[in-house]
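Beneath this line is the structure, given in structure tokens, with notes to follow.
Since every read-out is calculated from the coordinates, none of them should be taken as a lab result. Note that the structure is a prediction, hence the values are computed from the model and not measured. Neighbour counts are summed over all protein chains in view; Cβ atoms, including those assigned to glycine, are modelled from backbone coordinates with ideal geometry.
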Amino acid sequence: MKIAAEILSWIFLPLLMPVYGLLIAMYVPSNQDFLFNEDSLYFLSDEAKTAVLYMFMIFSVVAPGLSFVILHKRKIITTIDMENQRERNIPMFIMLSYCLLLYGLFIFKAQNNILPKYIYALPLSGVFVTVVYTYINRWIKISLHGGGAGILTGFTFAYALEQAEFQFWILIFVIIASGLTISSRLYLEKHTPREVYTGWALATFMTFMVNYLYPIG
């Protein structure tokens with residue numbers, strides 16, 4: 001069970017969750033509701049999908065991941081998964097910086113919301129989540145894995161709500177994935193129930209609101 005929990009923790013690594021959300025929206029068939037929302041990730045061209053995923057992989061996964069390795073090598077953080085609560089401020093500032101940079105690049109390179117709004121809203125969600133987490137971290141070691149699962153959940157539900165047709169099983173999958181993520185962190189005794197449930201609930205709410213309310217171009 002411990003090995004399974006560790007594998008799940010790596011599969012559902014917080015840095016990967018936004019990419020999973022994009023993959024779901026881009027490649028699971030859905031029909032947009034033209035009466036209320038003309039944004040769609042499923043109907044993007046293959047070239048656009050590849051470019052967006054490439055950008056998210058660089059700024060959401062590769063760059064922060066390498067930054068954390070460097071912090072670990074320089075003994076600024078004790079472990080890669082940031083188990084020490086007091087060591088989290090610099091890594092979270094790094095995550096915030098990459099989210100802001102990614103959002104800024106999309107605003108600059110794809111002006112006037114020419115891309116579906118979710119591409120802008122997703123990194124902006126990361127900004128809000130990271131800011132709130134950095135503040136809360138002063139009192140509790142809020143779960144970053146719970147936050148990653150919450151970002152996936154909030155994004156997927158916001159996207160599904162604005163589609164005329166959506167694969168219902170995906171929503172069930174997202175909830176199960178969140179449950180497995182939370183359960184693995186609890187089983188490994190990395191967090192208390194309050195830390196993982198608070199992390200998931202806050203990230204789900206903030207990500208949903210940012211993606212659902214983000215203005216359409």
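Before moving on, here are some points about what is shown:
- Scoring PHE108 on the criteria (1) within 16 Å of ILE24 (Cα to Cα); (2) out of contact with any helix residue (DSSP H, G or I) (no Cβ under 7 Å at 6 or more places or on another chain) leaves a single failure, condition (1).
- Residues in segment 62-105 that are of a type in the set (Lys, Arg) and out of contact with any helix residue (DSSP H, G or I) (no Cβ under 9 Å at 6 or more places or on another chain) were compared, and the one that is nearest to TYR214 (Cα to Cα) is ARG86.
- Any pair with Cβ under 8 angstrom, 6 or more apart, that starts in segment 162-176 at a residue that is on the phi < 0 side of the Ramachandran plot and ends at one that is part of a strand (DSSP E or B) and surrounded by 14 or more Cβ atoms within 10 Å (Cβ to Cβ): GLU162/GLN32; GLN163/GLN32; ALA164/GLN32
- Test for GLN111: is it surrounded by fewer than 15 Cβ atoms within 10 Å (Cβ to Cβ), within 30 Å of ILE216 (Cβ to Cβ) and in contact with a Pro (Cβ under 9 Å, 6 or more places away or on another chain): no
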